[in-house]
1. What translational diffusion coefficient, to the nearest whole µm²/s, does region 1-116 have by Stokes-Einstein, given a Kirkwood radius computed over alpha-carbon pairs, a temperature of 20 °C and 1.002 mPa s viscosity?
2. Provide ARG30, ARG152 ordered by accessible surface of protein heavy atoms (probe 1.4 Å), highest first.
3. Given a 1.4 angstrom probe, what's the average accessible area per residue across region 11-222, in square angstrom?
4. Share of antiparallel DSSP beta bridges in the chain, in percent to the nearest 5?
5. Going down the list LYS56/LYS308; LYS50/LYS237; LYS21/LYS56, which pairs span over 24 Å between their C-alpha atoms?
6. Summarise the accessible area of region 274-331 (1.4 Å probe, protein heavy atoms) by the percent that is carbon and sulfur.
7. Evaluate the Kirkwood expression for the hydrodynamic radius of region 228-359, namely the inverse of the mean inverse distance over all pairs of different C-alpha atoms, and round to one decimal in Å.
8. Counting heavy atoms of the protein chains only and a 1.4 Å probe, report the per residue accessible area for region 228-359 as a whole number of Å².
Amino acid sequence: MVTETALRTPAEERYAEELAKLAEADDSLRPRGWTLSARAVRRFILGDTKLGIVRKFYGDDPLVDRAIVSLMSNQGLMLVGEPGTAKSMLSELLAAAISNDSALVVQGSAGTTEDHLRYGWNYALLLAEGPSERALVPSPVLTAMRMGKIVRFEEITRCPPEVQDALISILSEKALAVPELGAEQAVRAIPGFNLIGTANLRDRGVHEMSSALKRRLNFETVHPIADPAHELELVLKQLGERLGPAGVKADVGADVADILVQTFQDLRTGRTKEGTSLTRPEAVMSTAEAVNVLHAAALEAAFLDNGKLTGAHLARQIQGVIIKDEPEDGKRFKAYLDHVVKERSARSGPWRDFYQAARALRLT
Ligand SMILES: Nc1ncnc2c1ncn2[C@@H]1O[C@H](COP(=O)(O)OP(=O)(O)O)[C@@H](O)[C@H]1O
Ligand SMILES: [Mg+2]
């Protein structure tokens, strides 16, 4: 018997209670085929204290409104940005709120074929009975069209051009021909169907997408969180979500977590709040990485130390984010330590712990 819950469940399951509350309180206009009104979808993502809905996406509320509007229109939605800016998370939340189903996903890669967008066959049945509805294996896109749901297409730009081309006709015709089932056989999308694509700007390809496909999608750029206070709130909240279910207790002071947020913001933007310019590392310094560092540091504090998170735990974990495959990054981080962190360490205890432990790392 399975007693443990899965490591990760779809958003509509994780937030089933919230979605039920929103549906119950929902008296606003619901776009055709949506399970919630546009206002309730916004509340689900941006939070509503009165209803007890937590904020899930930070830093750009107008972007969420534009995304919702775009999904009501005939255009698909395309979220582009640096890795770790919550493009996938936002697309999952939108699909969960709009369709109560975030599981219809195509994962784009160099190996994605047109069949992944259209349909395949159960060959045993195909051989036994010939082409039939029963033998057809629908793609997530086809299922979304039939059921009037949102389909998510991750990393579109990693797909070969012919796959991207197949998407154009689906988005413009809102229908998919199945010639094997008869000349006139086509699946027509019902209301509620739309597509959310994501793409990383660091991958080659966003700029090479065909203009025909670009025209069928509304592009929104998701930026890293600019406000340190928002980022701090988010990383602390996510740390709680990770440690809580695992039953791990760590004492994480806001002043220590703030070191993490500040170093990430400094290195990501190439500018400190004191006004010093820095060379930015090549490594991705996203909020997602910051949460990973804090999580690992808290685990070290809880399991290998006395449970109190210090700057030293952070310093040891940050190494794995900064030192990946670019040797220059180690030097850049060392310059940051010498020119920025050293000064801060003269004024604050947690920064001193961080500085001393970071100095002891092998950075080059
Ligand atoms: N603006 C933000 N609001 C909320 N969470 C964020 C934000 N930016 C990053 N995150 C965190 O980063 C994680 C990784 O995001 P993900 O959706 O995988 O990024 P992407 O698809 O852009 O690479 C999210 O699950 C979330 O925990
Ligand atoms: Mg992603």
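1. The diffusion coefficient I find is 139 µm²/s.
2. Output order, biggest surface exposure first: ARG30, ARG152.
3. That works out to 46 Å² for each residue.
4. Antiparallel bridges: around 30 percent, rounded to the nearest 5.
5. LYS56/LYS308
6. Carbon and sulfur atoms account for 50 percent of the accessible area of region 274-331.
7. 14.7
8. 47
The values are calculated or read from the model by the stated rules, or taken from the named source; none is laboratory data. These numbers were taken from a predicted model, which means no experiment stands behind them. Glycine gets a Cβ as well: all are built from the backbone with ideal geometry, and neighbour counts include every protein chain shown. Heads up: the accessible areas ignore ligands, DNA and RNA and are worked out on the full protein's heavy atoms, side chains in. Shrake-Rupley method; radii C 1.70, N 1.55, O 1.52, S 1.80 Å.
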